[in-house]
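Have a look at the structure below, then the notes.
The values are calculated or read from the model by the stated rules, or taken from the named source; none is laboratory data. These numbers were taken from a predicted model, which means no experiment stands behind them. Please note: Cβ atoms are built from the backbone with ideal geometry, for glycine as well, and neighbour counts cover all protein chains shown. Note: accessible area is taken over every heavy atom of the protein model, side chains too, but ligands, DNA and RNA are not part of it. Shrake-Rupley method; radii C 1.70, N 1.55, O 1.52, S 1.80 Å.
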Amino acid sequence: GTSPAELCQRISGLFRQALSQAGVSYTDFIRTSEPRHQRAVRHFWGALGRAGVLYKGSYEGWYCTPEESFLPESQLAERTDSQGRPCRVSLESGHQVHWTKEENYMFRLSAFRDPLQNWLRDNPRAICPDPFYQSVLRWLDEDLPDLSVSRERSRLHWGIPVPGDPTQTIYVWVDALVNYLSVLGYPESHRAWWPAVHHVVGKDILKFHALYWPALLLAAGLEPPERILVHSHWTVRGQKMSKSLGNVVEPGVCVGQYGVDGFRYFLLRQGVPERDCDYYDEKVVKLVNSELADALGGLLNRSTAPSINPSNTYPRFSEPCFPKVLDCREAKGTGRACAEDYELVAAVASLPAQVDGYFQGFQIYKALECIAQCVRQTNGFFQRHRPWKLDRRDTGEQLWLDTVLHVTLECLRVFGTLLQPVVPHVADKLLSRLAVGPGERGLSGLTFLARYDGKPCPFEGRQLGPDTGILFHRLGKLETVKKRKQEAQVPDKQL
């Protein structure tokens, strides 16, 4: 009893709500029903027509309604339906397919095999991670039949009519992919951004983005996107999420359980783009408690405690206590720092460039792995020198105490800066506690332990910010978490 427009309006609202709950911001949110998009699609269709790559022909084959796609034999499998009758399904999705014959507009995809191969060979980083790049190259070595790019209007009236032919509706994927252009002001102002764009897509829609879309763009006189970043899926205890199995994870519930930052941290820390990753509550609780609450939060609490730092200032660094050496093996007998301390300094000094490289390469999990390792090293440094045992009345001990705290706070400042895109609220609390101002939180100007290199440190001697409380509250026992999950469960009709 719901019209397509009403259904899409509601579902679109749920996506906006999920993004808001997860702390994900965006500069634009576009829907295919918007006039600016429909205008762009009609213009794009016209460009394809003018290029002579469209023709009308009879098409028949195995059609998957949920995917709105014709599938070749190579992508099908034999199964039995709920009645025990033999049927065919999509290998990728498991959805049933039906033999369909209709007259459509066709796109000469077969003519673009060489241009697509040349594009990929000239741009080996155009699709990453590499396993997906290799998959697309293999697809290009197989049959590349022409693509049906319209559907009969009588069967599919929810969509954009083919210009000049009201009996046909533009294929939903052609319509949807043009979003990338319409959001940039195509056909007038898109060149300010295009083709320097990165698409982030799930592996199940790789063929649409890495074969059909670049071919359509080349046909319309445009370049393919600069990069296509591909991610895998989350499974639940080794099984694909499915409504019938009842193992679908609802993001809003998870945000309620673990907090925005806790849930974001887990997904980005454990999510490996190249392969499917397994999700279960115990794993989230264990990881987030260990790395956010205990390792990072505990380190901040201990290093800023009034008993350790009664003046509540960013302590001074003493070069005689921690003299600069070219090789950490030369550290013996100089100052009070040991070889492991110099290894820590070297690791944290190289961390910003390392993290930046991993972020650029869409390997966020590796960036967080490096940060977590450095957090563990810093905890080891703090524990090793036991600043709470040092005698403040002794001048030498006081200098070493201040140096240990200075190095620890400098490490924390680097961690907080690098973690901002992943756990924005936690990072803000940490940096505010260290009195790092809004203009001092960028990656480009991030300098670690300037005093070790004989340069002034703008934070040295600065009053720390007010106590921001526990950095991240430990998640409770799993039974409590499950109870909270049940209480927050969203009714099926809202999913």
Some residue of the stretch 232-255 being under 30 Å from PRO145 (Cβ atoms) and without any contact (Cβ under 8 Å) to a residue 24 or more places away in the chain: yes
The stretch 131-164 - residue that is out of contact with any helix residue (DSSP H, G or I) (no Cβ under 8 Å at 6 or more places or on another chain) and either β-branched (Val, Ile, Thr) or free of Cβ contacts under 8 Å to residues at least 12 places away in the same chain (or both) and, of those, surrounded by the most Cβ atoms within 10 Å (Cβ to Cβ): PRO161
Members of the stretch 197-239 found to be at pLDDT below 95 and small (Gly, Ala, Ser), listed by number: GLY238
Residue within the stretch 241-252 that is touching a Lys or Arg at 6+ places or on another chain (Cβ under 8 Å) and either in a loop (DSSP other than H, G, I, E, B) or surrounded by fewer than 13 Cβ atoms within 10 Å (Cβ to Cβ) (or both) present: yes
Flag if GLY238 is within 30 Å of PHE263 (Cβ to Cβ) and open to solvent by 40 Å² or more (accessible area, probe 1.4 Å): yes
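Within the stretch 253-276, how many residues turn out to be within 27 Å of LEU177 (Cα to Cα) and open to solvent by less than 50 Å² (accessible area, probe 1.4 Å)?
The initial filter retains those residues of the stretch 253-276 that are within 27 Å of LEU177 (Cα to Cα), namely 267-268, 271-276.
Right, trim to open to solvent by less than 50 Å² (accessible area, probe 1.4 Å) and you get 271-273.
Of the residues in the stretch 253-276, 3 are within 27 Å of LEU177 (Cα to Cα) and open to solvent by less than 50 Å² (accessible area, probe 1.4 Å).
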Given (1) in the same structural domain as PHE208 (by the TED database); (2) modelled with pLDDT under 85, index of the condition ASN104 fails: (2)
Complete set of residues in the stretch 52-71 that are more than 23 Å from ARG88 (Cβ to Cβ) and surrounded by 14 or more Cβ atoms within 10 Å (Cβ to Cβ): VAL53, LEU54
The stretch 9-21 residues that are within 20 Å of VAL423 (Cα to Cα) and open to solvent by less than 100 Å² (accessible area, probe 1.4 Å), paired with ones that are assigned to a helix (DSSP H, G or I) and not small (Gly, Ala, Ser) (beta carbon under 8 Å, 6 or more apart): ALA18/PRO251; GLN21/PRO251; GLN21/VAL255; GLN21/VAL260
Output for the stretch 80-101, where each listed residue is in a strand (DSSP E or B) and either in contact with a Cys (Cβ under 6 Å, 6 or more places away or on another chain) or at pLDDT below 90 (or both): THR80, SER90, GLN96, THR100, LYS101
Within the stretch 150-199, tally of residues that are of a type in the set (Gly, Ala, Ser), assigned to a helix (DSSP H, G or I) and more than 15 Å from HIS43 (Cα to Cα): 1
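Yes/no per residue for (1) at pLDDT below 95; (2) in contact with a Pro (Cβ under 7 Å, 6 or more places away or on another chain); (3) farther than 28 Å from GLN168 by Cα; (4) of a type in the set (Ser, Thr, Tyr):
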site	(1), (2), (3), (4)
ALA111	no, no, no, no
ASP114	no, no, yes, no
GLN117	no, no, yes, no
ASP122	no, no, yes, no
VAL136	no, no, yes, no
LEU147	yes, no, no, no
Options THR378, THR334; residue that is within 26 Å of ASP453 (Cβ to Cβ), modelled with pLDDT under 95 and not basic (Lys, Arg): THR334
Flag if VAL285 is crowded, with 18+ Cβ neighbours inside 10 Å and touching a residue at least 40 places away in the same chain (Cβ under 8 Å): yes
Flag if GLY357 is in contact (Cβ under 8 Å) with a residue 24 or more places away in the chain and either buried (at least 17 other Cβ atoms within 10 Å of the Cβ) or outside any loop (DSSP other than H, G, I, E, B) (or both): no
Which numbered condition ARG88 misses (of (1) surrounded by 11 or more Cβ atoms within 10 Å (Cβ to Cβ); (2) within 28 Å of LEU229 (Cα to Cα); (3) of a type in the set (Lys, Arg)): (2)
Failed item in (1) assigned to a helix (DSSP H, G or I); (2) charged (D, E, K, R); (3) assigned by the TED database to the domain that holds GLY469; (4) touching a residue at least 60 places away in the same chain (Cβ under 8 Å), with LYS207 passing the rest: (3)
All positions within the stretch 27-56 that are assigned to a helix (DSSP H, G or I) and over 29 Å from ARG10 (Cβ atoms): HIS43, GLY46, ALA47, LEU48, GLY49, ARG50
Residue within the stretch 218-231 that is open to solvent by 30 Å² or more (accessible area, probe 1.4 Å), out of contact with any strand residue (DSSP E or B) (no Cβ under 9 Å at 6 or more places or on another chain), in contact (Cβ under 8 Å) with a residue 24 or more places away in the chain and assigned to a helix (DSSP H, G or I) present: yes
Residue ID - farthest from the chain's Cα centre (by Cα), chosen from residues in the stretch 243-286 that are hydrophobic (A, V, I, L, M, F, W, C) and within 19 Å of LEU430 (Cα to Cα): VAL260
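Say whether the condition of being more than 24 Å from the chain's Cα centre (by Cα) and small (Gly, Ala, Ser) is met by at least one residue in the stretch 415-434.
Of all residues in the stretch 415-434, those more than 24 Å from the chain's Cα centre (by Cα) come to 432-434.
Remaining after also requiring small (Gly, Ala, Ser): 432.
Checking the stretch 415-434: at least one residue is more than 24 Å from the chain's Cα centre (by Cα) and small (Gly, Ala, Ser).
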